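Scroll down for the structure; my scribbles are underneath it.
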Amino acid sequence: MCPCLTGSTSAPLSRLVRHFCARRREWLGELCHIAERPLSQAYDAALPGGRPALIVFVQTFGDLVNFNPQLHVLAADGVLLPGGRFIALPRVPASLRAEGFWRDVLAFLVKGIVLSEELRTRMLAWRHGGFLAHNEVSVGAGYAEGRRKLAG
């Protein structure tokens, strides 16, 4: 059993990204893969061959039931090795995850030919890119009620 489960929630994506995802809903799945990559890369650097134990899902509505996609991630603080053994590792800093996600989302939009390289460069310089990674909430392995609340 993993020692700790961390909840990470994105803030709503920038209006520009929301617009593109509203027209191409299949891109929401790619955003989940993009959210997973910085975690996988960071944990692979710490323990090669380990895979993060995580769940990534998309919420597509805001408080006003408008299209406002957000990614939610439940991640164990560590990796699973081939064979299923869990190894606890330090948390990946939220800032690293947010920066990696934002950079990779913009690269994906350039590749999808909906964003110019020039606009991508300008957006990377923005102080607030439209994504926030938060990993301050964690629940110990033995606290079943806490895990349910974190996932709910």
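The values are calculated or read from the model by the stated rules, or taken from the named source; none is laboratory data. All values derive from a computational prediction rather than experimental measurement. Heads up: the accessible areas ignore ligands, DNA and RNA and are worked out on the full protein's heavy atoms, side chains in. Shrake-Rupley method; radii C 1.70, N 1.55, O 1.52, S 1.80 Å.
A few notes on this one:
- For segment 22-45, the condition of being open to solvent by 50 Å² or more (accessible area, probe 1.4 Å) and more than 29 Å from Arg122 (Cα to Cα) holds for at least one residue.
- The residue list Val114, Val58 contains one member that is modelled with pLDDT of 75 or more and either of a type in the set (Asp, Glu) or under 20 Å from the mean Cα position of the chain (by Cα) (or both), which is Val58.
- Subset of segment 65-93 [open to solvent by 60 Å² or more (accessible area, probe 1.4 Å) and closer than 18 Å to Arg15 by Cα]: Val65, Asn66
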